[in-house]
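Engineer: Questions regarding the structure given below will be posed in turn.
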Amino acid sequence: MISNDIRVVVAIDFGTTYSGFAFANRLSPDEIETNTRWSGREGLPKTNTALLYDAECDNVLKWGEPALFQEQRRRKNQDAAQKLHIVERFKLHLDHSMEQKPELPPMFDYKKAIIDYLIKMKSVIEETLQRRWPGLSLKQVLFILSVPAEWGPYTRAILRDCAFKAGFIDENTHSNLEFTTEPEAAAIHCLSVCNEHNLKINDTFLVVDCGGGTVDLTVRTLLADNKLREETVRSGGLCGSTFVDEEFLKFLGRKVGVKALGTFKEQAYGDLQKLIHRFFCQHVKLPFTGDEDEFEPIELDLETHCSTLIPHITGEAKDKLEDEDWVIDLEYDDVKKMFEPAIKKIIRLIDAQLNKLPRDKVKAMFLVGGFSESPYLSSRIKDNFKNRVRKIAFPRQPIAAIVKGAVSYGLNMQIIFSRIIPWTFGIEVKSIFDENKDPIRLRTIDNRIWKIDILVHQGESLKLNEERSREYKPLQNNQEAIVFKIFYSKLENPKYPSQNNVEYLGKLRILLPDVHLGRNRPVEFSLKFAKEEIKASARNKITDEVYQTTFKYPFESDF
Ligand SMILES: Nc1ncnc2c1ncn2[C@@H]1O[C@H](COP(=O)(O)OP(=O)(O)OP(=O)(O)O)[C@@H](O)[C@H]1O
Ligand SMILES: [Mg+2]
């Protein structure tokens with residue numbers, strides 16, 4: 001149950017390439033602080049979403065930026081260092097629709113990386129909170145995790161489980177973790193700049209969060225009291241900045257040979273990372289403006305930037321590069337082409353959102369996320385859309401936008417949306433009949449009894465969209481479906497669906513065709529208490545298949 005004990009809201013932006021957190025005390029909600037102290041680096045709002053594992057991939061040796069750039073100072077350590085594993089971009093494994101997922105070590109479960117990363121993040125969060133508010137317990141913290149808009153509910157279930165295993169929440173503080181979508185958080189952050197851009201009540205704006213992995217879009221209308229209404233179905237795509245890095249690798253593969261690049265990647269992943277981050281991102285991607293006149297060809301000297309790639313290069317590529325002193329030239333067109341696929345997709349996404357609304361309805365477009373800092377991306381977007389959207393703006397601190405917006409979301413949830421629920425809700429379950437406690441007239445022929453398994457008690461405080469869930473299994477080995485019947489009551493502790501003052505709300509059926517698994521087919525049933533309706537869902541925990549339905553509240557005006 002969400003308690004009034006919550007003192008601090010902490011939001012975590014678990015990004016594809018960079019992650020960070022921000023926090024605020026409920027008593028001073030205007031002071032949202034973004035953490036900038038990371039081991040190995042100070043002053044940046046995020047650290048790399050990267051882990052360095054030992055040879056067995058069991059233990060985390062380093063995390064964040066030091067995981068990517070651990071220097072091998074002594075030669076004798078080099079052999080050992082070769083066997084270590086850098087794991088990154090693992091967030092994208094949550095997206096089941098992605099065809100070519102980023103590589104991970106063989107037999108390595110991406111969820112382990114998420115848990116390990118969250119454990120490391122938790123220790124910095126705890127340290128930071130202890131410094132600010134000594135004695136504060138994690139039980140007094142509401143955590144907000146932001147997720148891409150397009151990702152299905154199962155991603156939240158997985159992240160919730162990972163956060164649980166990382167120790168952010170326990171059985172009693174389940175509701176101290178909430179989710180918001182990345183564009184929702186970005187939109188809330190953009191609220192703070194709406195005034196600066198003269199946006200008035202009923203004005204509509206588009207927010208585009210251009211991250212490392214995904215680009216997420218949402219269209220919102222400003223309402224009274226700084227509230228936002230969602231205008232269209234949000235959208236998103238896999239066209240973040242790291243897809244430009246991938247194009248660079250394809251370019252490099254064409255120069256050195258795909259095979260050479262492949263073996264180099266396998267054997268010296270850390271060096272490849274350095275090449276991407278320290279050479280490509282720093283010297284090529286980040287500064288690229290798209291202005292041909294000011295562009296100077298860039299030399300990639302393999303001996304300086306990535307000498308360990310050279311021994312892998314063979315045949316014609318070797319002869320050619322040897323003649324050129326191992327220098328590869330990056331011309332204007334080469335770099336432009338690397339941006340092209342991602343930029344085209346982003347433009348298409350923006351276009352599709354604008355097409356959903358009448359012309360001139362969208363008064364402003366705000367771009368946030370690290371990729372929005374690209375001068376080339378911003379000029380392409382301005383060129384494409386300046387005739388359709390009057391203001392195209394880039395709010396301050398674009399990288400911290402999501403995490404700060406997510407803190408505001410958490411603070412507002414606390415202020416506005418905690419409500420006392422006037423009914424008990426539960427589902428019908430068949431239990432063993434207890435002759436000392438249960439009325440004999442309710443005994444079924446198989447010596448059982450229909451009871452109510454309560455998910456929420458009348459009088460509890462519920463936040464908007466709070467979810468209550470529990471695991472169930474089929475009663476029979478050969479059962480092909482479970483029907484969840486939902487009941488409600490004004491009583492705090494109703495026991496039987498057939499007793500007075502207990503009403504039937506509706507049912508949800510889930511098919512379970514895999515009868516060969518017998519009773520071992522766990523289903524997670526949950527009720528989510530949204531603003532206008534109750535959403536029931538049942539997820540087959542083995543296949544991740546989800547069945548959903550919604551119900552109106554029994555008497556809307558009461559709640
Ligand atoms: N000037 C720039 N030009 C191009 N890309 C940039 C620039 N500055 C930062 N980036 C890229 O932005 C990305 C980081 O942005 P951000 O922190 O918003 O992403 P993320 O949260 O890790 O990803 P996601 O939101 O997709 O999960 C990196 O890939 C980085 O290389
Ligand atoms: Mg992001």
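The values are calculated or read from the model by the stated rules, or taken from the named source; none is laboratory data. From a predicted model like this one, the values you see are computed outputs, not experimental measurements. Every residue, glycine among them, receives a Cβ derived from its backbone with ideal geometry; neighbour counts consider all protein chains shown. Note: areas computed on protein heavy atoms with side chains; ligands, DNA, RNA excluded. Shrake-Rupley method; radii C 1.70, N 1.55, O 1.52, S 1.80 Å.
Engineer: Does the stretch 435-490 hold any residues that are hydrophobic (A, V, I, L, M, F, W, C) and open to solvent by 40 Å² or more (accessible area, probe 1.4 Å), and which are they? Talk me through it step by step, then tell me what you get.
Structural biologist: Restricting attention to the stretch 435-490, the residues satisfying the condition of being hydrophobic (A, V, I, L, M, F, W, C) are 440, 442, 445, 449-450, 452, 454-456, 462, 464, 475, 481-484, 486-487.
Hits for the stretch 435-490 are 440, 445, 450, 475, 483.
Engineer: On the basis of being at pLDDT below 95 and surrounded by fewer than 19 Cβ atoms within 10 Å (Cβ to Cβ), does residue 171 make the cut?
Structural biologist: Numbers: at pLDDT below 95: yes; surrounded by fewer than 19 Cβ atoms within 10 Å (Cβ to Cβ): yes.
When the stated conditions are applied, residue 171 passes them.
Engineer: Being of a type outside the set (Gly, Ala, Ser), closer than 29 Å to residue 464 by Cα and in a strand (DSSP E or B) is the requirement here; does residue 367 meet it? Steps first, please.
Structural biologist: Values: of a type outside the set (Gly, Ala, Ser): yes; closer than 29 Å to residue 464 by Cα: yes; in a strand (DSSP E or B): yes.
Taking the combined requirement at face value, the residue satisfies it.
Engineer: Output the residue which, of all residues in the stretch 262-290 that are over 25 Å from residue 211 (Cβ atoms) and open to solvent by 20 Å² or more (accessible area, probe 1.4 Å), is nearest to ligand 1 (Cβ to nearest atom). Show your work before the answer.
Structural biologist: Filtering the stretch 262-290 down to residues over 25 Å from residue 211 (Cβ atoms) leaves 262-264, 266-268, 271.
Okay, now just the ones that are also open to solvent by 20 Å² or more (accessible area, probe 1.4 Å), so 262-263, 266-267, 271.
Values: 262: 23, 263: 25, 266: 23, 267: 24, 271: 18 Å.
So the residue we want is 271.
Engineer: Return the residues of the stretch 174-188 that are open to solvent by less than 30 Å² (accessible area, probe 1.4 Å) and either aliphatic (A, V, I, L, M) or more than 17 Å from residue 229 (Cβ to Cβ) (or both); say none if nothing qualifies.
Structural biologist: Pass one, the stretch 174-188, residues open to solvent by less than 30 Å² (accessible area, probe 1.4 Å): 175-183, 185-188.
Of everything in the stretch 174-188, those that are open to solvent by less than 30 Å² (accessible area, probe 1.4 Å) and either aliphatic (A, V, I, L, M) or more than 17 Å from residue 229 (Cβ to Cβ) (or both) turn out to be 175, 176, 177, 178, 179, 182, 185, 186, 187, 188.
Engineer: Right, something else. Considering only residues that are modelled with pLDDT of 90 or more and open to solvent by 70 Å² or more (accessible area, probe 1.4 Å), look in the stretch 1-26 and name the one that is nearest to ligand 2 (Cβ to nearest atom).
Structural biologist: 18
Engineer: Could you please let me know if residue 144 is in contact with a helix residue (DSSP H, G or I) (Cβ under 9 Å, 6 or more places away or on another chain), of a type in the set (Val, Ile, Thr) and within 22 Å of residue 463 (Cα to Cα)?
Structural biologist: Values: in contact with a helix residue (DSSP H, G or I) (Cβ under 9 Å, 6 or more places away or on another chain): yes; of a type in the set (Val, Ile, Thr): yes; within 22 Å of residue 463 (Cα to Cα): yes.
Answer is yes for this residue.
Engineer: Which condition from (1) open to solvent by 50 Å² or more (accessible area, probe 1.4 Å); (2) under 29 Å from residue 48 (Cα atoms) is the one that residue 293 breaks?
Structural biologist: (2)
Engineer: Here's another thing I want to ask about it. For residues that are in contact with a helix residue (DSSP H, G or I) (Cβ under 7 Å, 6 or more places away or on another chain), more than 16 Å from ligand 1 (Cβ to nearest atom) and of a type in the set (A, V, I, L, M, F, W, C), tally how many sit in the stretch 206-232. First the steps, then the outcome.
Structural biologist: Initially, the stretch 206-232 is screened for residues in contact with a helix residue (DSSP H, G or I) (Cβ under 7 Å, 6 or more places away or on another chain), giving 206-213, 215-220, 222, 226, 228, 232.
Then drop every residue that is not more than 16 Å from ligand 1 (Cβ to nearest atom), which leaves 206, 219-220, 222, 226, 228, 232.
Checking the rest, the ones that are also of a type in the set (A, V, I, L, M, F, W, C) come to 206, 219, 222, 228.
Selection size over the stretch 206-232: 4.
Engineer: Step by step: first the residues of the stretch 380-392, then only those that are assigned to a helix (DSSP H, G or I) and open to solvent by less than 40 Å² (accessible area, probe 1.4 Å), then the one that is nearest to residue 294 (Cα to Cα). Which residue is that? Write out each step before concluding.
Structural biologist: Filtering the stretch 380-392 for residues assigned to a helix (DSSP H, G or I) gives 380-385.
Adding the requirement that they be open to solvent by less than 40 Å² (accessible area, probe 1.4 Å) leaves 381, 385.
Numbers: 381: 20, 385: 24 Å.
Restricting to residues being assigned to a helix (DSSP H, G or I) and open to solvent by less than 40 Å² (accessible area, probe 1.4 Å), the top hit is 381.
Engineer: To continue, here is another question. Among all residue pairs at least 6 apart or on different chains, which show Cβ distances below 6 Å where the first residue, located in the stretch 279-297, is away from ligand 2 (no atom under 16 Å from the Cβ) and the second is of a type in the set (S, T, N, Q) and assigned to a helix (DSSP H, G or I)?
Structural biologist: Close Cβ pairs satisfying both conditions: 290/379.
Engineer: Search the stretch 127-157 for residues being surrounded by fewer than 18 Cβ atoms within 10 Å (Cβ to Cβ) and of a type in the set (Val, Ile, Thr), and hand back the single one that is nearest to residue 97 (Cα to Cα).
Structural biologist: 155
Engineer: Cβ-Cβ below 8 Å, separation at least six or inter-chain, first residue in the stretch 298-319 and more than 16 Å from residue 275 (Cα to Cα) and in a helix (DSSP H, G or I), second open to solvent by less than 60 Å² (accessible area, probe 1.4 Å) and among the β-branched types (Val, Ile, Thr): which pairs?
Structural biologist: 317/256
Engineer: Here is a further query. Of all residues being more than 16 Å from ligand 2 (Cβ to nearest atom) and not in a loop (DSSP other than H, G, I, E, B) in the stretch 27-58, which is modelled with the lowest pLDDT? Just the residue, please. Give the steps one after another, and end with the answer.
Structural biologist: Applying the first criterion (more than 16 Å from ligand 2 (Cβ to nearest atom)) to the stretch 27-58 yields 27-33, 36-43, 51-58.
If we keep only those that are not in a loop (DSSP other than H, G, I, E, B) too, we end up with 33, 37-38, 41-42, 51-53.
On the way: 33: 96, 37: 94, 38: 93, 41: 76, 42: 82, 51: 96, 52: 94, 53: 95.
By that ranking, first place goes to 41.
Engineer: Then there is this: With the checklist (1) acidic (Asp, Glu); (2) surrounded by 14 or more Cβ atoms within 10 Å (Cβ to Cβ); (3) not in a helix (DSSP H, G or I) in hand, flag the one item residue 334 doesn't pass.
Structural biologist: Residue 334 satisfies all of (1) acidic (Asp, Glu); (2) surrounded by 14 or more Cβ atoms within 10 Å (Cβ to Cβ); (3) not in a helix (DSSP H, G or I) except (3).
Engineer: Hey, another quick one. For the stretch 240-289, give me every one of the helices (runs of 4 or more DSSP H) that falls completely inside it and has 2 or more residues that are at pLDDT 95 or above. Step through it out loud before you land on a result.
Structural biologist: Working: elements: 242-256, 258-267, 269-274.
Passing ranges, in order: 242-256, 258-267.
Engineer: Do the conditions hold for residue 187, that is, is it assigned to a helix (DSSP H, G or I), touching a helix residue (DSSP H, G or I) at 6+ places or on another chain (Cβ under 9 Å) and small (Gly, Ala, Ser)? Full working, then the answer.
Structural biologist: Details: assigned to a helix (DSSP H, G or I): yes; touching a helix residue (DSSP H, G or I) at 6+ places or on another chain (Cβ under 9 Å): yes; small (Gly, Ala, Ser): yes.
When the stated conditions are applied, residue 187 passes them.
Engineer: Would you confirm whether any residue within the stretch 436-453 is in a strand (DSSP E or B) and closer than 30 Å to residue 141 by Cα? Working first, answer last.
Structural biologist: If we filter the stretch 436-453 for residues that are in a strand (DSSP E or B), which is where we start, we get 448-453.
Next cut, closer than 30 Å to residue 141 by Cα only: 453.
Within the stretch 436-453, one or more residues are in a strand (DSSP E or B) and closer than 30 Å to residue 141 by Cα.
Engineer: Let me ask something else about it. Contact list please: Cβ distance under 9 Å, first residue in the stretch 391-413 and closer than 14 Å to residue 205 by Cβ and in contact (Cβ under 8 Å) with a residue 24 or more places away in the chain, second residue part of a loop (DSSP other than H, G, I, E, B) and open to solvent by less than 30 Å² (accessible area, probe 1.4 Å), pairs at least six apart or on different chains.
Structural biologist: Pairs found: 391/199; 401/369; 401/395.
Engineer: Within the stretch 462-469, identify whether any single residue is in contact with a His (Cβ under 7 Å, 6 or more places away or on another chain) and at pLDDT below 95, and answer yes or no.
Structural biologist: In the first step, residues of the stretch 462-469 are kept if they are in contact with a His (Cβ under 7 Å, 6 or more places away or on another chain); the result is none.
Looking through the stretch 462-469, none of the residues is in contact with a His (Cβ under 7 Å, 6 or more places away or on another chain) and at pLDDT below 95.
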